[in-house]
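For reference, the structure is listed below as structure tokens.
The values are calculated or read from the model by the stated rules, or taken from the named source; none is laboratory data. As the structure is a prediction and not an experimental result, all values here were calculated from the model. Ideal geometry is used to build each Cβ from the backbone, glycine not excepted, and the neighbour counts take in all protein chains shown.
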């Protein structure tokens, strides 16, 4: 009996130490559980969720899917949703839930860990990692000085047949939504028609675009920044592609966030807050920096040496919560013939 009690005490102490290291409030060891609806893929965040359980003892049940799909599911499930946490690939899906009143107000102790531009102005969601839109280019054919300062410059006929994009990709669609918010439907329609006139090659995802740029199939492509670093990690600095960031607050330099919010019907709120605190801890933020090559959002975390510092990206002045009208974006893309 004494031996059993000693083992339990040691387990509890181990859990408490782990929680204190990452700076989050403890819950009863082995008693917590959490239901997460994740718009982030298992390959990216599965190991991180496993780390969370190992460090806190809180068991996590995860349902993976597209961020927009997960948000729609939560709305459809209504008060019966089992979800405690929505872990979204982008801020737009979080904004959609926030506008329907489905997210709880988060404690200031969590919100205050990141810059105001990377969290909800109403305090109902918080970004946990940053993802910048970039132009990936072939380093044998182009220099940075050859690229236009604005994403608008790629409608120039000189880029005809030299570009690639992935219109079905959620991050591209979030960029289009941001363009709509910043400049209006007329402006984004004109840009889309200009790009279409330049006959871009269509790819299924960002990975395929970066691979095609390095192989010389195309000269430039519109992607998120971190896909390049996955190739550099595998193939080294000789890989023939690099990222270019548009200038002057251009919408082409949008920094979106992967973020989290607690569902208003959450049954495990204490565990949910512990989870968010964990994602904003030094350990998890280092995971984002070193494993997924994203931008950590708390101060003091070292990023990849080839990564342009987040503070140096001239991002557009856009409230990320307003990127919630995916339906309007899909309608526009279908109308101009980009999507079927």
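Taking region 281-340, which residues are under 26 Å from residue 50 (Cβ atoms) and in a helix (DSSP H, G or I)? Within region 281-340, 282, 283, 284, 285, 286, 287, 288, 289, 290 qualify. The lone criterion from (1) touching a residue at least 12 places away in the same chain (Cβ under 8 Å); (2) surrounded by fewer than 22 Cβ atoms within 10 Å (Cβ to Cβ); (3) under 21 Å from residue 116 (Cα atoms) left unmet by residue 324 is number (2). Given the criteria at pLDDT 95 or above, over 23 Å from residue 92 (Cα atoms), touching a helix residue (DSSP H, G or I) at 6+ places or on another chain (Cβ under 8 Å) and assigned to a helix (DSSP H, G or I), does residue 154 qualify? Criteria met by residue 154. Scanning region 298-324 for residues that are more than 17 Å from the chain's Cα centre (by Cα) and within 20 Å of residue 92 (Cβ to Cβ) gives a single hit, 317. Residues in region 32-68 that are under 21 Å from residue 324 (Cα atoms) and either crowded, with 17+ Cβ neighbours inside 10 Å or modelled with pLDDT of 95 or more (or both): 36, 37, 38, 39, 40, 64, 67, 68. Only residues that are buried (at least 22 other Cβ atoms within 10 Å of the Cβ) and in a helix (DSSP H, G or I) were counted across region 228-263, and they come to 4.
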